[in-house]
Amino acid sequence: MSSALRLWWLLRGRGSDDNSRLPGVLAVIAFAVATGSLLVVLGGLQAFELRSHQPGDETAQLYLVLAIVAAGLMVIPILTLGGQAARLTLTRRNARLATLRLAGATTGQSVAITLAETLSQAVLGALGGVLLYGLALPGLTMISFRGHRLELGELWLGWWLLLALAAVIVLAVVSALVTLSGIAITPLGVASRVSPKRLSVLRAVVAVLMLLGWPVLFPFLPMAGLIVMALGIVAVINLIGPYVVMLLGLVLTSAARRFPTLLAARRLLDDPRTAWRSCSAFALVIMVACLSSFSAVLGSDGSDVHLGTDIATGSAITIVIVSVVAATSAGVVHACRVIDQAPVYRSLAYAGTDLTVLDSSRLREVAWPLAVTALTAGGFAALLLLPLGTDAPGALLRFAIALAGSAALTLAALAASRPLLARAVRLDLGADHGTEQTAAGVLTAG
Amino acid sequence: MSHTQFPVPGNVPGVAHPADGTRSPVREGLVATGLVHRYTRRAEETPALAGVDLTVSPGESMSIMGPSGSGKTTLLHVLAGVIRPTHGSVLWQGRDLARMRDAERSRLRRTDFGFVFQSGQLLPELPAEENAALPLLLAGVDRGTAVARVRPILERLGLAGMVHRRPGELSGGQAQRVAIARALAGSPGVVFADEPTGALDSTTGAAVMAQLVAASRAHGAALVVVTHDAGVAHACARQVTMRDGLITHDSITGHRAEAIR
């Protein structure tokens, strides 16, 4: 095993070009955003926990419960991003891993090298996350709850910070191991052991059962019920979401007549879970925005002068964090896909395919699931909010702004990977006299 | 070598095909004159073509061989309008590719040329029939029509039962046959192949090469193959050898030139 680690040390950071290093950088960025977001969420939670220690202050208890609910909503997309970061570089180390196997490395050694790489990215990302958390702290102390600004001492996690970092790193290793169990590293390349399978209808059944069972269970879960509700909603959304995306892919695949639509539909059908990841956070944004609009109205009944404003502030923070996590996820996934499929994109460019055609397909792949989420979850939420139109005229507008902002951020993250695509289809980059094209596998030196 | 009968796809929008679905006769073929090309990278110039004259006749199969760095892939790219030569001209249907804008050359590659690469380069999410139909789909042909047109080609290439399989479910040889079907789908005038058997074992490679030559001939397309493999080169009717950016041997013209050292 030590020889494997020595080999990893030798190989680390070496790549023939920028494109071979970029996925590693993207993985570190994803880990950093996941860790930073997690630390900010936990810091905020700690602040409310410290404030709830005042004896007899029931409002502080209510704030703590609301903070736990918000944290519960945010933690799942954050951890999902962490897991995604761990998987990013695993499936695209094909050539190197296959070469190592060809040179006589055992499967155990290949796994050890891969894990060491993921671990190093997770540690670097986690440290970056601490930096992001540190940079965010002064900004967070500008935010007031119940008329008092959050203090640095309340937000600083101290020793808990190390525990959070360890959790992110353990998550990375577990995600890597789970992914590695699904691929076979052979001397001839890295092959996925299974073809993409259709998601089971059981997902939808379980989600519906959870929804039906909720009214029965809720009375038995008084205070903690809110927290269970938050986690339950996230679970239902994530169970049914990929299934809906798969159905969308099925419908679009059979209806598609032109190339951009066909490719986008096939990709949705191929990997609905990945497509859903951007949308799951978007669905959460819709839910939080909807709940906050209600809560802002309900909280303005005069029982507590700050409650309405504070709920709006807390919701805004939740929406921003979830949106940033969703955008990071979408950006990183699409950038890596461009790098992975650069040879195919290049071959399409050789055959005369315009960049706009490829771009249009990528846009459909992201925008359609977002649109379906907005129409279903958003439409339902908007219906709920309509009666508030007279009581709180700004509620519907704020809701619409939150939705538009979150979707725009995800689409902007997609657009950020466009230069990579443009580079992948450029045919005048040194042609057969550079190593880049040979590495991409399309051109051979001649 | 036995040559199977390959069906020829029908008309494609944007491609000047006659009513019977076949390409209009190309009398001149592809005529390259005085090709010189230099790559510039970090202010350093690397000569790749040092003065190449070459005519690819309609329907002929030609291999270009030579050691690494001899300029054979650059020549293929210049002939296919992928890159513009530093000097010289490439005439196709009376038009000079070297003078065309990028968008025009892209359109021409889409409609008049087909490409086969070393490892197929198929889209992993699309089944074989949709991968093969890509040129037609990109030309704006309706999916149903496009797939119906390429199915006979896939069947002739021995892929009848595999049209719904993804590239990941195909062997290297099968994937390369899909790539051949894709190259021929748009009824190209010329098929350019860059090491088409480079990723295959010798037996599969020979079979794939035979099918590439036969299928191109059946479609009336000229075939230009860049290869390191003498066996692959001899599957073509004409062999051209390059060294240091020059053609040093041409089996048809008997031409020999002293390579520039």
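The values are calculated or read from the model by the stated rules, or taken from the named source; none is laboratory data. Remember, predicted model here, so these are calculated numbers, not experimental data. Here the Cβ positions follow ideal geometry from the backbone for every residue, glycine too, while neighbour counts run over all protein chains shown. We work out accessible area using only protein heavy atoms, side chains counted, and drop any ligands, DNA or RNA first. Shrake-Rupley method; radii C 1.70, N 1.55, O 1.52, S 1.80 Å.
Given a 10 angstrom Cα cut-off, can you work out which residue in B:ARG166, B:ARG95, B:ARG151 is the most mobile in a GNM of chain B?
Maximum among the listed residues: B:ARG95.
Could you sort the residues of the range B:122-154 by number and keep only those whose accessible area is reduced by 20 Å² or more in the all-protein-chain setting relative to the chain alone, 1.4 Å probe?
At a threshold of 20 Å² (probe 1.4 Å), the residues of the range B:122-154 that become less exposed are B:LEU123, B:PRO124, B:GLU125, B:LEU126, B:GLU130, B:LEU134, B:LEU137, B:LEU138, B:GLY140, B:ASP142, B:ARG143.
Based on DSSP H runs of at least 4 residues, each adding -39500 (n - 2.57), what is the mean residue ellipticity at 222 nm of chain B after dividing by all its residues, to the nearest 500 deg cm²/dmol? Kindly include the intermediate steps, with their values, before the conclusion.
Working: 8 runs with 79 residues, N = 261.
That comes out to -9000 deg cm²/dmol.
Per residue Cα convex hull volume for chain B, in cubic angstrom?
Details: hull volume 34.4 nm³, N = 261.
Value for chain B: 132 Å³ per residue.
Give the accessible surface of the range B:65-163 per residue, rounded to a whole number of Å², with probe radius 1.4 Å and ligands, DNA and RNA excluded. Show your work: numbers first, answer last.
Working: 3150 Å² over 99 residues.
Ligands and nucleic acids excluded, the figure is 32 Å² per residue.
Per-residue mean of other chain beta-carbon atoms within 10 angstrom of the beta-carbon, peptide B:63-76? Display every interim value, and only then the final one.
Working: counts 0, 1, 1, 1, 2, 5, 4, 3, 4, 4, 9, 6, 2, 4.
The shielding value for this peptide is 3.
Could you work out the relative contact order of the range B:79-209, using alpha carbon pairs under 8 angstrom and six or more residues apart, expressed as a whole percent?
Details: 191 pairs, mean separation 42.7, N = 131.
For the range B:79-209, the relative contact order is 33 percent.
Taking the Cβ-Cβ separation of B:ALA43 and A:VAL123 as r and a Förster radius of 60 Å, what is the calculated FRET efficiency to the nearest 0.05?
Numbers: r = 40 Å, r/R0 = 0.66.
According to the calculation, E is roughly 0.90.
Order A:LEU115, A:LEU50 by their accessible area, 1.4 angstrom probe, all chains in place, largest first. Don't skip to the end; give the middle numbers.
Numbers: A:LEU115 40, A:LEU50 75 Å².
Descending order: A:LEU50, A:LEU115.
Go ahead and set up a Gaussian network model of chain B, Cα springs under 10 Å, then flag whichever of B:GLN174, B:GLN93, B:GLN211 fluctuates most.
The residue that fluctuates most here is B:GLN93.
As an exercise, use a Förster radius of 35 Å and the Cβ-Cβ distance of A:LEU131 and B:HIS164 to find the FRET efficiency, rounded to the nearest 0.05. Write out the running numbers ahead of the final one.
Details: r = 50 Å, r/R0 = 1.42.
That pair, A:LEU131 with B:HIS164, gives E of 0.10.
Using only the Cα atoms of the range B:105-219, what semi-axes does the equivalent ellipsoid have when each is the square root of 5 times a gyration tensor eigenvalue? Give whole Å, largest first.
Taking √(5λ) for each Cα gyration eigenvalue gives 20, 16, 13 Å.
Mind checking the mean number of beta-carbon atoms from other chains within 10 Å of the Cβ atoms in B:194-200? Don't skip to the answer; put the middle values down first.
Values: counts 7, 3, 0, 0, 1, 1, 0.
If you average over the peptide's residues, the count of other-chain Cβ atoms is 2.
May I ask for the accessible area buried between chains A and B, both sides summed, probe 1.4 Å, to the nearest 100 Å²?
Interface between A and B: roughly 3400 Å².
Tell me the label-point distance for the pair B:ILE252, A:PHE380, using the 7 Å Cα-to-Cβ offset, in nm and rounded to one decimal.
Label at B:ILE252, label at A:PHE380, 6.8 nm between them.
Say each of B:SER68 and A:LEU247 gets a label point 7 Å from the Cα, pointing the same way as Cα to Cβ; how far apart are those two points in nm?
If labels sit at B:SER68 and A:LEU247, their model points lie 5.4 nm apart.
Show the residues, 5+ positions off or on another chain, whose built amide H is closer than 5 Å to the amide H of B:SER61.
When sequence neighbours closer than 5 places are left aside, the close amide H contacts are B:LEU223, B:ALA237, B:ARG238.
Taking the simple approach of a point 7 Å from Cα along Cα-to-Cβ for both A:ARG21 and A:VAL320, what is their distance in nm?
A separation of 3.3 nm, rounded to one decimal place.
Could you please put B:ASP229, A:ASP57 in sequence from largest to smallest accessible area, using a 1.4 Å probe? Each step should come with its number before you reach the end.
Numbers: B:ASP229 75, A:ASP57 40 Å².
Solvent-accessible surface, decreasing: B:ASP229, A:ASP57.
Other chains' Cβ within 10 Å of A:258-267 residues: what's the mean?
Numbers: counts 7, 13, 2, 2, 9, 6, 1, 1, 7, 4.
The per-residue average across the peptide is 5.
Taking accessible area as the heavy-atom solvent-accessible surface of the protein chains with a 1.4 Å probe, which residues of the range A:350-374 lose no less than 20 Å² upon going from the isolated chain to the full protein assembly?
A:TYR350, A:ALA351, A:GLY352, A:THR353, A:ASP354
Taking only protein heavy atoms into account and a 1.4 Å probe, give the accessible area per residue of the range B:164-261 in Å². If you can, show how the numbers build up before the last one.
On the way: 3600 Å² over 98 residues.
Averaged over the residues of the range B:164-261, the accessible area is 37 Å².
Residue by residue through the range A:136-152, what is 3J(HN,Hα) from phi via Karplus (6.51 cos²θ - 1.76 cosθ + 1.60, θ = phi - 60°)? Round to whole Hz and write x for glycine and proline.
6, 3, x, x, 5, 6, 7, 8, 10, 10, 6, x, 10, 5, 5, 9, 4
On the protein heavy atoms, probe 1.4 angstrom, tell me the percent of accessible surface of chain B carried by carbon and sulfur.
Numbers: 5090 of 10230 Å².
Using a 1.4 Å probe with all protein chains present, chain B comes out at 50 percent carbon and sulfur.
Which of rounded, prolate or oblate describes the range A:34-77 when judged by the alpha-carbon gyration tensor and an a/c cut-off of 1.5?
On the way: a/c = 5.29, a/b = 2.08, b/c = 2.54.
Since a/c reaches 1.5 but b/c is at least a/b, the shape of the range A:34-77 is classed as oblate.
Just reorder A:TRP160, A:TRP368, B:TRP92 by solvent-accessible area, largest first, 1.4 Å probe, all chains present. Please list the in-between numbers first.
Values: A:TRP160 160, A:TRP368 70, B:TRP92 5 Å².
Largest accessible area first, the residues go A:TRP160, A:TRP368, B:TRP92.
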